[in-house]
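Structure first, commentary second.
The values are calculated or read from the model by the stated rules, or taken from the named source; none is laboratory data. Quick caveat: nothing in here was measured; it's all calculated off a predicted structure. Cβ placement follows ideal geometry from the backbone for every residue including glycine, while neighbour counts extend to all protein chains displayed. Remember, those area values only see protein heavy atoms, side chains included, never the ligands or the DNA or RNA. Shrake-Rupley method; radii C 1.70, N 1.55, O 1.52, S 1.80 Å.
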Amino acid sequence: MIPQSVIDDIRQRADIVDVISDYVKLQPSGRNFKALSPFTEEKTPSFVVSPDKQIYKCFSTGKGGNVFSFIMEMERVQFPEAVELAAKRAGVDISRFTAKDKGGGFEEDGRTATLRWAARLFHRTLMGESGKKGLAYLAAERGLTAQTITSFGLGYAPESWEHLLGEAQRAGIAEKQLAELGLVTANRQRNSVYDAFRNRVIFPIFSVGGQVVGFGGRTLRNDPDTPKYLNSPESSMFEKSKLLYGLHAAKQEIRKTETAILVEGYMDVLALHQAGITNAVASCGTSLTRHQAKIMQRYTSRVLFIYDADPAGRKSMMSGIDILLSEGIVPFVVMLPHGDDPDSFVRREGREAFIRFTEENRLAFLDFQIRFFTESGDFDQPDTKAKAISAMGRTIALIPDRVRRELYMQELSGKLSISMRALRESAGKVMAVKERYISGEERTARANFRTQDTRSRVTILEKTFLKALLESALYGNGVIEFAASHEEMLELPHPAAREILAHMIERYRNGSGDPDERIDVVTEISRFKSTEARDLASGLLIDQPVSSRWHEQSDAEREHARRCLTAFLDAFKNIILEPLIRRKETVTEKLRREEDNGRAVELQKEIIEINATIKKTSADLGAMIAGILEER
């Protein structure tokens, strides 16, 4: 188990702006950063990151938290795995805390640990006696070095029905979990289970953060009935349409060069990276998807397509151009010599020749489209030419930026001698559909959030109380200590509010006992059990402080700590009085409707008693609060 002090250290070292920048493109906005939400479709940025407080908040979906909860959300892992990923990113060695005892087994929900275990097993098998066939294919036949094989974690699944299954049983991994992750397959007729990957070289597929989320396996059989490639099945962790192979290793170079090279296959990525061209990624055996384009847009606004030059590759690039342009990315295309792919070309010609060829043969997307339609014969007849030109106009219409869209229209008009008016007519229909689609998705996301928010709304009083409680932890434990000693008096209606209060009190009581210890409230956010509590706490912290002018005081920290305490005590008083006030309102309403004189007299006496209780409680609390503030 990782000590709390180490978790706090990791959270403080793993800068949230740096981590989130791996997933979204952040833009400065005052003291904060803003971006389009990674959780929904929107045109207006509603995702806010505070570098001062090290938290984020999405105002479209209501989601929020710290660096750990963001990693949990994006990588779909539990808290311990999120801490490990953040530690790796921050350069903090926690191996002494995470090493598993032999025979310790795996938790049933440890899917990430199981995938990591499987990747290590495949790699260990490749480098062992039973992996000679796979190693010969990767090293001798495909020219991969030991460094490339190791850095990408390549592996081998031997020609065995129960190699992985047997190892998993010895490691204590549940068979059900192996099946869910696509590592074993069930034969219902024979009532048996066997390895899904057999006699295949294995390509682990990583998330942006470097977490194994699935596998691709290339068969070594010369059997036409055997699929050449086999991928992990679709699951909440492995969605091919939302993954780019090699991005975990390429993202920094993509940012540096401001260009991503998009290729088709795993071997293309590996060969280019081995040659030192480390901004290459692949679309995981699928045609380019909108999700993949969105991911690339976080790192660059330029993509260089280098697919195979066969008809299928060209068609894929044509559809991919539309997808990239609609996400604000400028696509370029390189057509390699016939029969070549990036892997074969760079292995034969070398790095410098590959770079020189891509620079000399790079086509703008309009030139590629014109070449595509010309070579396919679509420009030979007026009818087919008109359709081709309309298709190019519709492609340009997908560009979000109006100025760029107009400039490309002018360029196409000049290249093909077609009037701007004709091009705009075909483009206008596409623009109208696109606007309706995007605005509709954004409206749906915001409406869903509003519906969730109004179903069970946190009161202003609860928010004030919790905000002061959370902010006060930055300056000491005085407020939390007071809340803990008066816990039985506090009644918070909203479940998320109750969870935050209970967690903070428990954290205080289970602390080290050092009166000077400060609870790292930002770290605690990801420890809340419910997402509602995490979202509520991060939203409260990212708002302006209890007193937005506290930093203008001469003794800033002490002054703000006092303001937090004052706001907390005021809310504390109102929370205690609120049930009495609600009771009085209920009895008053009953009195208003009561027709029986005897019962009406009883209700009047009850109201008098309640008023006396409210008056006495208010006076007692006021005196107590005044005494506490005088001591401070």
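Let's see if you can work this out: charge +1 on each Lys and Arg Cβ, -1 on each Asp and Glu Cβ, no other charges. What is the dipole magnitude of the chain about its Cα centre, in debye to the nearest 20?
Dipole size: approximately 1220 debye.
Roughly to the nearest percent, how much of the accessible area of the chain is carbon and sulfur, given a 1.4 Å probe?
49
Kindly identify the stretch 13-98 as rounded, prolate or oblate by the Cα gyration tensor criterion: order the square roots of the eigenvalues as a ≥ b ≥ c, call it rounded if a/c is under 1.5, otherwise compare a/b with b/c, prolate if a/b is larger, else oblate.
Prolate shape, in that a/c is at least 1.5 and a/b is the bigger ratio.
With a point put 7 Å past each Cα toward its Cβ, work out how far LYS133 is from ASN222 in nm, to one decimal.
Calculated label separation equals 1.3 nm.
Can you compute the modelled spin-label distance between LYS43 and GLU375, with each label point 7 Å from Cα toward Cβ, in nm?
3.7
Roughly how many Å² is the accessible area per residue of the chain, as a whole number, for a 1.4 Å probe?
Averaged over the residues of the chain, the accessible area is 49 Å².
Quote to one decimal, in nm, the extra length available between LYS529 and VAL403 on full extension: 0.36 nm per residue of separation minus the C-alpha distance between them.
Residue separation times 0.36 nm, minus the Cα-Cα distance, leaves 40.6 nm.
For the stretch 7-40 and the stretch 63-100, what is the separation of their C-alpha centers, rounded to whole Å?
Cα centroid of the stretch 7-40 versus Cα centroid of the stretch 63-100: 15 Å apart.
How many nm is it between the label spots at ARG290 and ARG188, if each spot is 7 Å from the Cα in line with the beta carbon?
About 3.4 nm separates the two model spin labels.
When the chain is fully extended, how far beyond the present Cα-Cα distance does MET420 get from GLN27, taking 0.36 nm per residue of separation?
138.0 nm
Once you have the Cα-Cα distance between ASP15 and SER618, take 0.36 nm times their residue separation minus that, and quote the gain in nm to one decimal.
Going from the current span to full extension adds 212.6 nm.
Quote the relative contact order of the stretch 242-371 in percent (integer), defining contacts as alpha-carbon pairs under 8 Å separated by 6+ residues.
25
Relative contact order for the chain: what percent, with Cα pairs under 8 Å and sequence separation of 6 or more?
11
With each run of n ≥ 4 DSSP H residues scored as -39500 (n - 2.57), what mean residue ellipticity at 222 nm is computed for the chain after dividing by its residue count and rounding to the nearest 500 deg cm²/dmol?
Helix-only estimate at 222 nm: -17500 deg cm²/dmol.
For the stretch 349-428, rounded, prolate or oblate, judged on the Cα gyration tensor with a ≥ b ≥ c (square roots of eigenvalues), a/c < 1.5 rounded, else prolate if a/b > b/c?
Oblate.
If you plug each phi of the stretch 140-146 into the Karplus form 6.51 cos²θ - 1.76 cosθ + 1.60 with θ = phi - 60°, what whole-Hz ³J(HN,Hα) values come out, in order, with x for Gly and Pro?
6, 7, 9, x, 7, 7, 4
Once you list every other residue whose beta carbon is under 11 Å from the beta carbon of GLU606, what net charge do they have if Lys and Arg are +1 and Asp and Glu are -1?
Computed value for this residue: +3.
Take every Cα pair under 8 Å in the stretch 127-199 that's 6+ residues apart, average their separations, divide by the length, and report that relative contact order as a whole percent.
28
Between LYS88 and GLU411, how high is the FRET efficiency from 1/(1 + (r/R0)^6) when r is the Cβ-Cβ distance and R₀ = 45 Å? Nearest 0.05.
According to the calculation, E is roughly 0.45.
Counting Lys and Arg as +1 and Asp and Glu as -1, what is the net charge of the other residues whose Cβ lies under 14 Å from the Cβ of ILE542?
Summing Lys and Arg as +1 and Asp and Glu as -1 gives +4.
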